[in-house]
Structures are given as structure tokens and as C-alpha cells.
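See below for the structure under consideration.
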Amino acid sequence: MEVKFGANKPNVIEVSEAVKDLKLNSLSVQPSENSFILRFQDNSEEVHQNVLASLRKLNDSRNKADNSLEELNFTAIGPSVGQELQKKAVYSIILVLIAISLYISYAFRKVSKPIASWKYGVATLIALFHDTIIVIGFFALLGKFWGVEVNTSFVAAVLTVLGFSVHDTIVVFDRIRENLPKSADDFENTINRSVNQTLTRSINTSMTVMFVLLSIVLFGGESIRYFALALFVGIFFGTYSSIFLASPLLVIWNNLKKKA
């Protein structure tokens, strides 16, 4: 819903307080140039009219009952549209996962011993799938118990997490690629040394970003809070998977190959 108030328009807090008693799920109030945009989960006509009545009351109290509140737009997204958005979100995430996996397989094509280059891509794919599932599961719990809504910003956050996570994984894999030709150790110890060499860099980089995201979650606006929270959770587990999941998968794969 987009509404335009009279000359003496309120601030975001006053608008939120005006509709507080309606107990709207996933309420977000965002100021625009000459209006306010309200997003909420309930889209029945009764709720629509109740919100309008509350906002008119607020507007009249600030503009001497001049009845100047104007509703510029009201859009209700029904189940069919929601399912379409969900389908596109799933397709976009799957496409990104496959594209990243293929790219890493190509980038590491010259590393063929002791395991094939495409296995680096598969290990990355498993780690990214792990990161995606954790973020989605975390927000599923928030949605069930606190009514948090998953929207297009959440999809953008998940895709951003995938990009950040694969960046961390590539740094570790690239060090493995550098160490393999000149290492006198076996494959397992070479990977262990490579992970240790990049460990401090990975943790420091992630912690720097996470401190910024935590400040946005705690002190930022309502409209970007859950976007930042999704990034925070995803980057935390993305760093974990780059160190403790992707590289050990290569070792496990190599050990299974030896036993075969």
C-alpha cells in the first residue's frame, strides 16, 4: 500500500504506531519522496480498510481533519503470484549453483591429480547447497514462530551468500592448486597445509563483513533488517563450509578412490 499524507506528514515511527493495534504480520514502513509504502502479510479487504482508517485518523490529527490522505496504490499478491515468485527463486538458485560448479571445474581443469578437476566443482556445489539450506531453514523457523516473511530481498540475500561463499572456497582451492605440484606431502596433508595457510585470511575477511551486517541488524531500518540477517547467517556458515566442508570432501573423495 502506498499512501500520501497532507502537508504536515508524519515520520516512519508515527505511521508504524498508527497501525500497531491492527497487529499486521511482517509490517514494513518505508518512506518515499512524497509518500509512505506499507508492506504487510494480511491482504484482505477488511484489513485494507482498517489500515486506511487508522492512517486517515493519523493524517487528520496532523492536518486539522482536512481529509487529505490519498491512497496512491494498493497491490495484493495472491497465492498464484506467490507460487510463481517461489518457482523463479528456486530456478535462479539452482542455475547459480550449476553455473558456479561448471566454472570451477573449468578453472581447475589443469589440476587432474590425484583427483579430477570436476570434483572440485562438485565439492563446491555441495558446500553451496549446504549454505543455502541452512539460510532457508533458519528463515523457515523465523517464519513459523515469528511471522517473518520471505520476499525477493531474501532471494537476493541467498544469491549474495552463494557468491561470497564460493569466493572463500576458491581462495582455499587456489592455494591447494599452488601447493600440489611442489608439495612433498601426500594429498591429505597438502590440503591441510593449504587450509591452514588461508585460515586467518578467511576468518578475518568474514568477520569484518559480519560486524557490519550485525550493526545493520541491530540498528538498521526495518526494511533491510532481515536482508542483513540472511547475509549474516549465510556468510557465517559459508565461511565454515569453505574451511570445514569443501576441502575435506576432496580428501574423502580421494580416500574412497584409493579403496576402490
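Between a residue in the stretch 79-107 that is closer than 16 Å to PHE129 by Cβ and of a type in the set (A, V, I, L, M, F, W, C) and any residue that is assigned to a helix (DSSP H, G or I) and modelled with pLDDT under 85, which pairs come within a Cβ distance under 9 Å, given they are 6 or more apart or on different chains?
Pairs that qualify, where the first residue is closer than 16 Å to PHE129 by Cβ and of a type in the set (A, V, I, L, M, F, W, C) and the partner is assigned to a helix (DSSP H, G or I) and modelled with pLDDT under 85, are ALA89/THR152.
Answer yes or no as to whether PHE74 is modelled with pLDDT of 90 or more and surrounded by 16 or more Cβ atoms within 10 Å (Cβ to Cβ).
It is false that PHE74 is modelled with pLDDT of 90 or more and surrounded by 16 or more Cβ atoms within 10 Å (Cβ to Cβ).
Check the stretch 39-57 and report whether any residue there is under 25 Å from ASN8 (Cα atoms) and part of a loop (DSSP other than H, G, I, E, B).
Yes, the stretch 39-57 has at least one match.
Restricting attention to the stretch 93-133, which residues are of a type in the set (Ser, Thr, Tyr), assigned to a loop (DSSP other than H, G, I, E, B) and either touching a Gly at 6+ places or on another chain (Cβ under 9 Å) or open to solvent by less than 60 Å² (accessible area, probe 1.4 Å) (or both)?
SER117
With the requirement that a residue be under 16 Å from the mean Cα position of the chain (by Cα) and either more than 26 Å from VAL29 (Cα to Cα) or in a loop (DSSP other than H, G, I, E, B) (or both), what does the stretch 74-87 give you?
None; the set is empty.
Got at least one residue in the stretch 207-220 being open to solvent by less than 60 Å² (accessible area, probe 1.4 Å), outside any helix (DSSP H, G or I) and either small (Gly, Ala, Ser) or in contact (Cβ under 8 Å) with a residue 12 or more places away in the chain (or both)?
yes
Table: residues versus (1) touching a residue at least 60 places away in the same chain (Cβ under 8 Å); (2) open to solvent by less than 70 Å² (accessible area, probe 1.4 Å); (3) under 30 Å from PHE139 (Cα atoms).
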{"residue": "VAL155", "(1), (2), (3)": "yes, yes, yes"}
{"residue": "VAL158", "(1), (2), (3)": "yes, yes, yes"}
{"residue": "LEU162", "(1), (2), (3)": "yes, yes, yes"}
{"residue": "SER165", "(1), (2), (3)": "yes, yes, yes"}
{"residue": "VAL172", "(1), (2), (3)": "yes, yes, yes"}
{"residue": "GLU178", "(1), (2), (3)": "no, no, no"}
{"residue": "SER183", "(1), (2), (3)": "no, yes, no"}
{"residue": "PHE187", "(1), (2), (3)": "yes, yes, no"}
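The values are calculated or read from the model by the stated rules, or taken from the named source; none is laboratory data. Computed from a predicted model, the values in this text were never measured in an experiment. Please note: Cβ atoms are built from the backbone with ideal geometry, for glycine as well, and neighbour counts cover all protein chains shown. Accessible surface is based on the protein model in full, side chains and every heavy atom, while ligands, DNA and RNA are left aside. Shrake-Rupley method; radii C 1.70, N 1.55, O 1.52, S 1.80 Å.
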